[in-house]
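Heads up, the thing below is written out as structure tokens.
The values are calculated or read from the model by the stated rules, or taken from the named source; none is laboratory data. Quick caveat: nothing in here was measured; it's all calculated off a predicted structure. Virtual Cβ from ideal backbone geometry, glycine too; neighbours counted across all protein chains shown.
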Amino acid sequence: MIKEKVPNRQTLNAWSNKIDKAQSLGLRTSLMALVMVKCLSLFSLIIGFYCFSHIAHDWVVNQTPATASDVTGLAVSLGLSWLLQGAFNALSSSARMQVLNKLEQHLQHVFIERQHALIRLHSVYYWQTLWLQHLQAFADWALEYRVQQLIAVVVPLFALAVIFYVNPVIGIGLLLTLPVVPLFMIIVGKGAAALHRKHFIALERLGSLFTDRLAALPMLTSYQAHQKQTALLKDASENLNARTMKVVSVAFLSNSVLDFFATLAVALTAVFIGFSLLGELSLGPEITLQQGLWILLTVPLLLSEMKKLGQVYHQKAQAEAAKTELAPLFSCFTQNLDDSAVNAVNTATTHYHLSEPSVLLTANNLKVYDINAGQTHSQSSHATTAVDEPSVLLHAESLEVSKGDKILISGRSGSGKTLLLEALGGQRPSTHTFSEPVIWITQHPVITPGTVRENLCLNDSYTDDALMKALEAVELDAWLSLLPLGLDTVMTDYPLLSGGEAQRLSLARALLRKDNIWLLDEPTAHLPDAQHTRLAQLIERLGKDKTLIWASHKALPANWFNRFWTVSRSTPEQDAISNSKSKSEAGLKSKLGALQDEHLQGCSSVTATSSKANANQKECGLDEK
């Protein structure tokens with residue numbers, strides 16, 4: 001057994017740079033521009049403090065009115081600082097919206113490309129939270145926290161250099177005090193990141209539990225399970241409250257310590273300057289009123305920038321939690337953008353036979369990877385090892401799909417039938433996939449709350465005649481005639497469709513599209529035997545001119561299919577899929593191994609034979625014509 005190598009975790013900055021380069025977010029340019037504008041605004045304010053301290057010195061010490069140059073300098077500095085601060089706010093808002101829009105566009109593309117695979121990983125509430133909170137958390141960290149982090153370094157160093165020049169004693173005191181602030185933020189931040197991750201998990205659990213129980217209210221009523229489920233919701237809510245209070249307590253502790261050290265630094269500086277002006281202390285160079293007032297105005301400004309960094313430090317913890325959830329999605333997507341190794345191997349080992357249009361796919365050494373894999377295997381197809389590759393969920397030595405093929409995929413629950421369909425349909429990272437669009441028909445057809453027309457068109461445009469022909473083909477014309485407004489009837493205003501009727505509606509959608517490859521993921525799994533029989537016959541009749549790849553637990557007539565694939569989980573030492581090219585070639589096996597499915601462990605080897613297909617035919621009892 002080869003021990004799998006665990007790749008080093010990327011830091012948040014490294015991952016951000018990778019995403020910035022891959023998605024062209026412009027984070028580096030925006031970061032430098034924001035830091036420059038903000039620093040110029042603060043420098044203008046510091047110059048304004050210098051002019052004000054000169055004016056105060058002339059009034060109090062010299063007993064003379066302020067000079068025109070000091071008044072002009074003060075007005076120009078404050079005005080320029082105000083304008084630059086406004087420009088900083090506008091630039092920050094614009095940059096953040098631009099980054100969010102690009103992230104949402106890319107993530108939307110990932111959802112569209114891999115929706116069938118992703119929806120099985122987490123609840124709907126999880127994906128809503130990821131979209132609404134995690135993208136925002138990353139943008140806030142990238143364009144607010146990192147900007148403030150650089151400002152909290154550049155501005156204090158510049159001001160400390162000037163303060164050292166005026167009075168080294170005050171400079172040394174501030175130099176000893178200021179590092180305590182970022183040191184404490186680092187200590188607190190280590191625990192805050194873990195607390196934010198736990199808080200998100202608790203929030204996602206409560207939201208998923210609530211939405212799931214809300215959808216199952218009729219069932220809860222039937223089994224009188226309200227009290228038990230209410231107790232579960234209460235426990236999840238209390239768990240979320242406890243984790244929320246832990247996060248709040250850490251934030252409160254951080255702000256309290258920051259305020260303490262900031263107040264202490266300003267107080268010590270004020271006491272030292274006061275006693276020096278009174279002649280009670282004579283450490284270092286003599287301090288004038290102008291120098292002391294300027295220092296007293298500047299030091300709180302420096303500490304305020306440090307405190308702002310402390311106030312937004314939680315954004316780093318939130319971004320760390322967001323990175324954990326977003327990295328798998330964006331890593332898969334950036335590989336596709338950057339001509340990843342998957343594509344390289346795909347072109348090297350997949351032959352689409354342009355001279356033979358009947359052959360849709362020839363896949364040698366097909367591998368299906370974990371959708372959360374951060375890296376693919378080596379660029380060289382000749383030197384690929386288990387150390388270079390991510391987790392391989394499914395493997396096949398040879399598969400072939402020709403135009404018009406009818407392929408039956410069988411196997412135990414959890415063996416990997418859906419994984420194989422997702423890979424062929426481009427929903428999962430894999431070495432091979434179809435080069436043309438496919439139609440998906442799953443166990444649970446999606447019915448939107450719109451009209452019947454909208455459910456059939458799905459943002460496409462079709463004539464009423466085309467819609468009626470599709471509904472007649474799937475035997476839903478009688479159902480449509482009962483609707484008060486026909487195609488314009490809102491689905492939520494009418495009793496819910498039965499399972500068989502919903503699948504027929506999804507078949508009507510497939511007929512409206514002209515794609516020739518249908519991937520059927522157990523479309524009759526949850527239907528009674530009678531409905532299964534009728535719907536299976538309907539799919540077989542409507543798919544005569546299509547290429548069907550049909551995964552099914554239930555028995556189907558063998559003479560409907562010319563290829564049989566059997567999937568089973570196995571250890572690396574066992575064979576896991578046999579691909580019978582035709583009923584006469586049932587003994588010719590191509591191995592397809594499922595390597596450690598993420599949900600199940602343990603394995604058994606299955607070999608597909610023509611006798612097994614005939615047995616299924618007898619069990620099914622369908623009328624063969």
Considering residues of region 11-33 that are of a type in the set (Gly, Ala, Ser) and part of a helix (DSSP H, G or I) only, the residue nearest to the chain's Cα centre (by Cα):
Ser16
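In this structure, is Arg146 among the charged types (D, E, K, R) and buried (at least 16 other Cβ atoms within 10 Å of the Cβ)?
Working: among the charged types (D, E, K, R): yes; buried (at least 16 other Cβ atoms within 10 Å of the Cβ): yes.
So Arg146 passes the test.
Residue by residue, here is whether (1) modelled with pLDDT of 85 or more; (2) among the β-branched types (Val, Ile, Thr) holds:
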{"site": "Ala90", "(1), (2)": "yes, no"}
{"site": "His122", "(1), (2)": "no, no"}
{"site": "Tyr126", "(1), (2)": "no, no"}
{"site": "Ile163", "(1), (2)": "yes, yes"}
Does Glu501 qualify as being surrounded by 13 or more Cβ atoms within 10 Å (Cβ to Cβ) and within 36 Å of the chain's Cα centre (by Cα)?
yes
The one condition His109 fails out of (1) buried (at least 17 other Cβ atoms within 10 Å of the Cβ); (2) farther than 24 Å from Leu277 by Cα is (1)
Report whether or not Pro429 is surrounded by 19 or more Cβ atoms within 10 Å (Cβ to Cβ) and closer than 20 Å to Glu522 by Cα.
no
Residue under evaluation Gly500, criteria (1) assigned to a helix (DSSP H, G or I); (2) modelled with pLDDT of 85 or more, criterion not met:
(2)
Residue identified as in contact with a helix residue (DSSP H, G or I) (Cβ under 8 Å, 6 or more places away or on another chain) and outside any strand (DSSP E or B) among Leu393, Leu420, Leu487, Leu408:
Leu487
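Quick grid of which residues meet (1) within 27 Å of the chain's Cα centre (by Cα); (2) of a type outside the set (Asp, Glu):
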| residue | (1), (2) |
| --- | --- |
| Ala216 | no, yes |
| Asp235 | no, no |
| Asn239 | yes, yes |
| Ala242 | yes, yes |
| Val248 | yes, yes |
| Phe252 | no, yes |
| Leu258 | no, yes |
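Which of the residues spanning region 43-70 are hydrophobic (A, V, I, L, M, F, W, C) and either under 29 Å from Arg146 (Cα atoms) or assigned to a loop (DSSP other than H, G, I, E, B) (or both)? Break it down stepwise before answering.
Pass one, region 43-70, residues hydrophobic (A, V, I, L, M, F, W, C): 43, 45-47, 49, 51-52, 55-56, 59-61, 66, 68.
Residues satisfying the conditions are Phe43, Leu45, Ile46, Ile47, Phe49, Val61, Ala66.
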Could you look through region 504-544, keep only residues that are part of a helix (DSSP H, G or I) and of a type in the set (Val, Ile, Thr), and pick out the one that is farthest from the chain's Cα centre (by Cα)?
Thr533
If Gly425 satisfies all but one of (1) touching a residue at least 60 places away in the same chain (Cβ under 8 Å); (2) more than 24 Å from the chain's Cα centre (by Cα), what's the number of the condition it fails?
(2)
Apart from one, (1) within 21 Å of Val124 (Cα to Cα); (2) surrounded by 14 or more Cβ atoms within 10 Å (Cβ to Cβ) all hold for Ala225; the odd one out is (1)
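Condition (residue is part of a helix (DSSP H, G or I) and within 30 Å of Glu325 (Cα to Cα)) applied to region 34-42: is it met by at least one residue?
First, the residues of region 34-42 that are part of a helix (DSSP H, G or I): 34-42.
Filter once more, so that each one left must be within 30 Å of Glu325 (Cα to Cα): 34-35.
Yes, the conditions are met somewhere in region 34-42.
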Right, Asn89: within 18 Å of Ala319 (Cα to Cα) and surrounded by fewer than 17 Cβ atoms within 10 Å (Cβ to Cβ) or not?
no
Can you work out which of the residues in region 554-570 that are over 18 Å from Leu420 (Cβ atoms) and among the hydrophobic types (A, V, I, L, M, F, W, C) is modelled with the lowest pLDDT?
Ala555
